[in-house]
Structure formats: structure tokens, C-alpha cells
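One structure below.
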Amino acid sequence: MKQATPVRALLSIATWLFLGLFLAVALLPLLWLLVNSFRTNLELQVAPFGFPAQPSLENYRNAISMANLPLLFMNSVITAVGAVVVNIAVCSMAAFALARETFRGRTLFHTLLTAGILVPIISFMVPYFTLISATGLYDKLVALTLVYSAVNIPVSIFLIVSFMGTIPKELEEAAIIDGCGFIQRFTRVVFPLSRSSLVTAGTFCFIYAWNDFVMAMILTSSVSSRTIQLGIRFFTSQFITDYAGMFAAIVLSIIPSVLVYIFLHDKIISGLTAGAVKG
Amino acid sequence: MKQRKRDNRLYILMFLAPVTILFCAFFLYPLVFTAWTSLLKWKGMGSTSFFGLGNYTKLLGDPTFRLAIKNNVVWALGLGFIQVPLAALVALILARNPFGWRFLRTIYYLPNVISGVALAMVWVAMYNPQYGAINAFLKMFGFEARNWLGDPTTALPAILAQAVLYIGYFMIILLASIMNISKELYEAAELEGAGPILQDLYITIPMLRGILVTSITLAMAYGMRHFETSFLMTGGGPAYSTTTMGIALYLKMDALRFGEASAAGMLLIVMGTIVIMLLRRFLGREDPQSERIS
């Protein structure tokens with residue numbers, strides 16, 4: 001149908017080069033990291049590019065034994081999973097009231113909660129620090145869990161309320177006839193039906209909590225409550241010369257978010273576009 | 001019936017209480033706290049005294065803080081007027097569903113789910129003067145090796161470049177909006193004999209106006225609050241060339257100058273809000289299809 005003119009061919013090549021540039025920027029640094037995590041420090045010094053002569057798990061063994069990685073990993077899992085549970089519990093309840101009930105000040109409250117997205121959270125470093133210190137939660141993982149679940153309230157409320165709003169009223173009315181009260185309408189009807197939006201909101205919360213660095217830096221200090229992000233940050237200062245080991249530690253720290261992305265990227269993309277597309 | 005209504009109200013309060021407590025503790029209280037303590041002379045845990053706008057005049061008189069503001073403006077412009085247009089261009093291409101577009105969309109967003117620490121450390125290694133991939137790559141084309149992050153003239157562009165090229169977030173939002181445009185418009189254009197480029201110029205881009213304004217606004221707001229990547233890659237150096245308001249805030253706080261840190265926080269909030277309001281004013285908010293973005 002289309003003629004293969006030279007101009008068209010050139011345009012097509014330019015388009016693919018353009019797309020390839022962004023593909024390279026997104027992917028090559030990560031592949032470089034992965035390949036180098038299997039090379040030795042000497043190989044790294046001699047040639048930045050190249051494949052390992054003898055790929056070995058040596059770097060991973062060093063990283064795990066030297067930097068206390070299993071503990072840091074567990075700390076991150078506990079805080080991130082805790083944040084997701086708290087955030088989803090709290091936000092799904094509030095969203096139920098906001099989406100399925102009518103009361104005075106409802107729209108105002110909803111607007112206020114979602115407007116939180118506009119606030120630059122880093123400007124709250126001082127109040128978060130003083131609040132967490134004053135409540136005796138400084139250097140405790142539960143402080144991070146609370147902060148992460150709270151910071152994600154605007155996003156979760158937005159996603160869950162707009163989803164709950166689409167559930168047909170008839171389903172709830174049927175439940176009322178069957179004798180369900182307020183709480184059962186939530187636990188038996190609306191909560192299970194909103195699963196898809198809860199997964200999306202939970203995914204965003206998990207990724208934020210797993211990846212956070214700033215809050216962990218200002219709200220914890222001891223090794224026993226250190227998260228993986230702080231851990232890999234301090235890896236270089238601990239073992240100045242072991243870049244290969246550092247690469248291995250970074251690869252390990254990335255795995256959970258990449259796994260979540262592989263399995264749930266449809267949810268993430270639909271969540272991102274929920275605000276961009278009407279309906 | 002009346003009884004049930006009263007019960008419902010009790011339950012509604014019960015269901016809203018947890019979110020209200022968390023939101024007050026981590027959004028409203030910090031906002032009030034920051035506004036109030038920015039007016040105090042408060043160093044460390046000791047006593048405080050009222051200082052009026054003293055912290056603000058001190059900060060705005062400080063050349064390094066002014067440099068931080070300037071760098072944030074550079075970030076805002078870079079993200080708003082380079083990253084978003086690039087994302088829009090890629091979205092326009094992917095909207096024609098070329099081979100592998102779903103795969104590309106997924107990979108473009110991949111860096112957004114990876115932690116700032118990991119990415120910053122990888123990019124520091126990439127820019128490393130001895131064994132970094134960037135210099136190795138440039139040397140193949142006969143360019144000289146440079147210490148990208150160690151040189152005050154190249155540090156900011158080097159950090160900005162990798163951030164600007166991560167287009168995934170805005171690309172996904174724009175692509176979804178493009179795919180939401182009514183197909184009939186294109187069918188009509190096709191009948192009139194308009195090719196794909198004309199269709200983009202006269203249908204897609206005008207229809208995208210609203211979401212583009214929103215994207216630019218968001219990107220500039222992110223630029224004004226930029227902190228993590230620069231903090232992790234250079235710590236704001238060399239010679240404060242990559243410092244930002246967020247980094248200044250952190251350094252003030254670390255030095256236990258809480259009053260000044262709060263003033264920096266207020267300036268960060270206020271300037272971000274001004275950027276959002278100015279853009280809404282000048283670029284307009286008339287909006288054919290998009291609403292807000294989460």
C-alpha cells in the first residue's frame with residue numbers, strides 16, 4: 001500500500017534510532033550493571049566494557065557476607081509490606097465511606113486528601129524528624145512503615161475512590177436486603193470487588209516504600225534498623241575498592257522492584273493512566 | 001430508618017478516622033509546623049525565639065542558596081521543556097502501534113520502578129573517569145575522557161541529561177491520552193487525504209493540549225523539588241554546582257539549623273506552587289479530554 005520511497009525509508013530509520021536511544025538509556029546502564037556484577041574488580045579496571053572471563057557468583061557471596069545484606073533485606077521487606085498493609089487498610093476504609101456514602105463535606109475531604117499529591121514531601125524533613133523523635137519512634141522500622149503508608153494516602157485514595165465509584169449500587173442494595181450492615185457491605189461486597197484497584201494502589205505503595213532513601217536516612221541511624229537502600233548507599237564507603245561487590249549488592253536490591261514490575265506492570269500502567277483518561 | 005442513618009454516620013466517622021489521623025500527622029501538621037518554625041530562631045534541640053522573616057532574608061542573601069534556586073529552575077525547565085516534549089514525541093510514534101510498542105512502553109518505564117539510590121550509583125559508575133562506560137564509549141569516537149561529575153561545568157548537565165532521557169512516566173500518560181482520542185477524527189482526516197504527520201499536527205497535538213499542560217506543570221513541579229539524584233550522585237558539589245533547595249534544606253537540618261531548614265522548606269513549597277499557578281495561568285487550563293493526574 002505504502003510506497004517505499006527513500007524519504008520514507010530514511011524517516012523510518014530515524015524513528016527507530018530515536019526510539020532506540022531511549023531504549024538504550026533505559027536498559028543499557030542496567031545491563032552494564034548486571035554484566036559487571038559477574039566480573040572481577042581487575043577486569044573492571046582494565047576494560048569497562050566486556051563480558052566476564054569466568055562468570056562467578058563470587059561478588060554476590062562477598063556482598064551478602066560483608067555488608068549484612070540479609071538483615072537489610074528483611075528490614076526493607078518488613079517496612080514495605082507493613083506500609084502496604086497499613087495504607088490499603090486505612091485507604092480502602094476511607095474510600096468506601098467517600099465513594100459509597102453521602103455526608104456533608106465529602107467532596108471537600110476527598111479534594112483535600114488527593115491534593116496532598118502536590119506537596120513536596122522532602123520539604124517535611126524537619127517536622128517528620130521532630131515528630132518521629134517526639135513519639136519515641138526514631139530509629140524504629142515502624143516509623144518508616146507509618147511514613148510510607150501516610151505519604152501514599154493521596155495516590156491510594158484517588159485510585160481506590162474512583163474505582164469504588166464504578167461498582168453498581170444494586171450489588172450493595174442486594175446485600176442490604178440480605179441483612180448486611182455497614183461493615184459487611186464493606187468487607188463482603190465493596191472490598192472484594194475493588195481488588196483490582198487495591199492491587200494497583202498497593203503496588204505503588206510497595207515500590208515507593210522499597211525504593212525510599214530520604215526518609216530512611218533521616219529517621220533511622222543504627223545498622224539493625226537500616227534498609228537495603230541505605231545499605232547499598234554505604235557499601236562504597238565501607239569497602240572503597242570493591243566496585244564489583246557493590247554492583248552485586250545493587251543488583252540484589254533491584255530484584256524485588258523488578259519482579260513486582262514484571263508481574264504487575266499492567267496494573268502500574270493502568271494506575272498511571274487512571275488520571276489521564278476520563279472514565 | 002432514622003436509627004440506621006445515625007448508625008451510618010457513626011460508621012462513616014469510624015472509617016474515616018484512621019486516614020484523618022495519618023493525614024493530619026504527616027501532611028497538615030508538617031505544613032503548619034514548617035510555616036511556624038520558619039519564623040523562629042531555632043538551632044538544635046535548644047530554646048527558640050521569634051525571628052520574623054529573619055531566616056528568609058538570611059537564606060535569600062546566601063549565594064549558595066540562590067544557586068540552589070537557580071539549579072531548581074534549570075531542573076524545572078529541563079524536565080518541563082525537554083523531557084515532556086521528548087516523551088510526547090515518543091508517545092506520538094508509539095501511538096501508531098509500531099512493531100514491539102508494548103514492549104518499548106514497558107521498558108521505557110522500567111527505570112521509574114528502580115530505586116534512586118541504585119540508579120544514582122549506576123550513573124556515578126557510568127560517569128566514572130577511570131572505568132566508566134561513558135568515557136569508554138566516547139573514546140571509541142576519539143573524544144577525550146572527562147571527569148564529568150567532578151567538574152563544576154559538566155556536573156549539572158551530566159545529572160540532568162540522564163534524568164531528562166528517562167521519559168517513561170510522561171510517555172505513558174500521553175500515550176494513554178492519544179489512544180483515547182476518538183478514531184472518527186482520524187477517519188475524517190484520512191478521507192481528506194491528510195497523512196500521519198498532518199494528522200498529528202492538526203488533530204493529536206491540539207487534542208492533547210490539556211494533558212500536555214498538565215504534564216509540563218507536573219514535570220516543572222518535580223524539577224522544583226528535585227533532590228534525591230543530585231544528593232546521591234554529587235551531594236550538591238563540586239563547588240555547589242549541583243545543589244538544590246532540597247539539598248540546602250537537608251544540610252541546614254543536618255547542621256541543626258531547624259529554623260533555616262524550615263524556611264528552605266517553605267520556599268520550596270511556595271515556589272513549587274507559584275510554578276504550578278503561573279503555568280495554569282499562561283498555558284491555560286481549557287482541556288478537551290483530560291482531568292487530573294494521580
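Laboratory data are not the source of any read-out in this text; all were calculated from the coordinates shown. Every value quoted in this text rests on a predicted model; they were computed, and no experiment measured them. Using ideal geometry, Cβ is built from the backbone for each residue, glycine included, and neighbour counts are taken over all protein chains shown.
Of all the criteria given as (1) charged (D, E, K, R); (2) outside any loop (DSSP other than H, G, I, E, B); (3) touching a Pro at 6+ places or on another chain (Cβ under 8 Å); (4) closer than 27 Å to residue A:227 by Cα, the one not satisfied by residue A:39 is (2).
I want to confirm something. Restricting to the range A:204-231 and keeping residues that are outside any helix (DSSP H, G or I) and of a type outside the set (Ser, Thr, Tyr), which single residue is nearest to residue A:117 (Cα to Cα)?
Applying the first criterion (outside any helix (DSSP H, G or I)) to the range A:204-231 yields A:212-213, A:220-222, A:226-227.
Cutting the leftovers down to of a type outside the set (Ser, Thr, Tyr) gives us A:212-213, A:226.
On the way: A:212: 16, A:213: 19, A:226: 27 Å.
Top of the filtered list is A:212.
Checking each residue in the range A:164-186 for being free of Cβ contacts under 8 Å to residues at least 60 places away in the same chain and within 26 Å of the chain's Cα centre (by Cα) picks out only A:166.
A search for C-beta distances below 7 Å between a residue of the range B:253-266 that is at the interface with chain A (Cβ under 10 Å from one of its Cβ atoms) and any residue that is surrounded by fewer than 24 Cβ atoms within 10 Å (Cβ to Cβ) and among the aliphatic types (A, V, I, L, M), counting only pairs 6+ apart in sequence or on different chains, returns B:259/B:40; B:261/B:253; B:266/B:35.
Hey, among B:15, B:27, B:23, B:51, which residue is touching a Leu at 6+ places or on another chain (Cβ under 7 Å), buried (at least 19 other Cβ atoms within 10 Å of the Cβ), facing another protein chain (nearest Cβ under 9 Å) and not small (Gly, Ala, Ser)?
Working: B:15 fails: touching a Leu at 6+ places or on another chain (Cβ under 7 Å); B:27 fails: touching a Leu at 6+ places or on another chain (Cβ under 7 Å); B:51 fails: facing another protein chain (nearest Cβ under 9 Å).
Within the list B:15, B:27, B:23, B:51, the selection yields B:23.
Check off (1) under 16 Å from the mean Cα position of the chain (by Cα); (2) over 19 Å from residue B:201 (Cα atoms); (3) surrounded by 20 or more Cβ atoms within 10 Å (Cβ to Cβ) for residue B:148 and give me the number that stays unchecked. Among (1) under 16 Å from the mean Cα position of the chain (by Cα); (2) over 19 Å from residue B:201 (Cα atoms); (3) surrounded by 20 or more Cβ atoms within 10 Å (Cβ to Cβ), the lone unmet condition for residue B:148 is (1).
Looking across the range B:107-150, just one residue is within 9 Å of another protein chain (Cβ to nearest Cβ), free of Cβ contacts under 8 Å to residues at least 40 places away in the same chain, part of a helix (DSSP H, G or I) and aromatic (Phe, Trp, Tyr), and that is B:137.
Are there any helices (runs of 4 or more DSSP H) wholly within the range B:162-209 with 2 or more residues that are exposed (fewer than 12 other Cβ atoms within 10 Å of the Cβ), and if so which? Step through it out loud before you land on a result.
Numbers: elements: B:168-179, B:183-191, B:196-199.
Helices (runs of 4 or more DSSP H) meeting the threshold: B:183-191.
Only residues that are within 11 Å of chain B (Cβ to nearest Cβ), among the aliphatic types (A, V, I, L, M) and in a loop (DSSP other than H, G, I, E, B) were counted in the range A:44-101, giving 1.
Restricting A:223, A:214, A:251 to residues that are hydrophobic (A, V, I, L, M, F, W, C), farther than 21 Å from residue B:111 by Cβ and within 25 Å of the chain's Cα centre (by Cα) narrows the list to A:223. If only residues of the range B:74-99 that are more than 9 Å from chain A (Cβ to nearest Cβ) and more than 28 Å from residue B:272 (Cα to Cα) are counted, the one that is surrounded by the fewest Cβ atoms within 10 Å (Cβ to Cβ) is B:99.
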